[in-house]
Every structure is written in C-alpha cells, then in structure tokens.
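The values are calculated or read from the model by the stated rules, or taken from the named source; none is laboratory data. Computed from a predicted structure; not experimentally measured. Counting neighbours? That spans all protein chains shown, and the Cβs are built from the backbone with ideal geometry, glycine included. Heavy atoms of the whole protein, side chains included, go into the accessibility calculation; ligands, DNA and RNA do not. Shrake-Rupley method; radii C 1.70, N 1.55, O 1.52, S 1.80 Å.
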Amino acid sequence: MSTPVSTIRNLGPAFEASCTAAGIKDAETLRDLGPDAAYAKILATGAKPHFIGYYVLVMALQGRPWNDCKGAEKAALRKRFDALKTAHRPAPEHTLDQLLDDIGVRKP
C-alpha cells in the first residue's frame, strides 16, 4: 500500500502534484529517491527551480520543521541546490539564450 506524498510533514498538495508529474507516486518512492534525485526529477518536468521548495523537501525527508536549518548547513544546501539547478537547466528556447550561455553571460 502506498502513502500519499502529502502525508509527509511540510509537503502539501501542490508539492504532491509536482511529484506525481515527475513520476513520484508516493511517499515511499520519494523517501527512496532522496531529496536530490527527487528534485532532479521534478526539474526534469520543466518546473522552475526554487530554493525554498528544495529546502523544504530536504527538511521534510529528515522529519524536521521546514525552518530548522541555519548557518553552514543552509549554505551547504544552497550549494547542492545550485548544482542541481545547473545540471538540470532546460535547453534555451531561443538562439540568443544559447549564445549568451555559450559565452557565460547568463547565470546558471
């Protein structure tokens, strides 16, 4: 029997819908994937990256309040998020965007 994603503390219906769109059908699958792989799957659906969403996911899977992380731990999460965002950035829709990416003008 599967448990809805929204039964995990801090994860509501909107996040559950994002998981469903990414093929993450239940809380057990989400826990098995872990926050980084799950967030990567969500980004692969075209969802816009958002640090707070990622942060809340990490805290939720640890069973912690969403605002429990501070200082160096939060800075380390930001680095992980930035790496995920860069690795799963969608292809540019326009040639100009691709050119700007090629010369390093746009931020990843």
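Values computed for the structure shown
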read-out	value
Relative contact order of the chain, defined on C-alpha pairs under 8 angstrom at six or more residues apart (%)	24
Net lengthening on full extension, MET1/ARG89 (0.36 nm per residue, minus Cα-Cα)	28.2 nm
Virtual spin-label span in nm between ASP32 and ASP101, 7 Å along Cα→Cβ	3.2
Cβ-placed point charges (K, R +1; D, E -1), dipole of segment 12-89 about Cα centre in debye, nearest 20	360
Fraction of accessible area attributable to carbon and sulfur, the chain (%, probe 1.4 Å)	58
Within segment 1-104, GluC sites (Glu not before Pro) in DSSP loop having at most 15 other beta-carbon neighbours inside 10 Å	GLU93
Average accessible area per residue (Å²) across the chain - probe 1.4 Å, nucleic acids and ligands excluded	61
Estimated 222 nm signal from helices in the chain, with DSSP H stretches of n ≥ 4 weighted -39500 (n - 2.57), rounded to 500	-18500 deg cm²/dmol
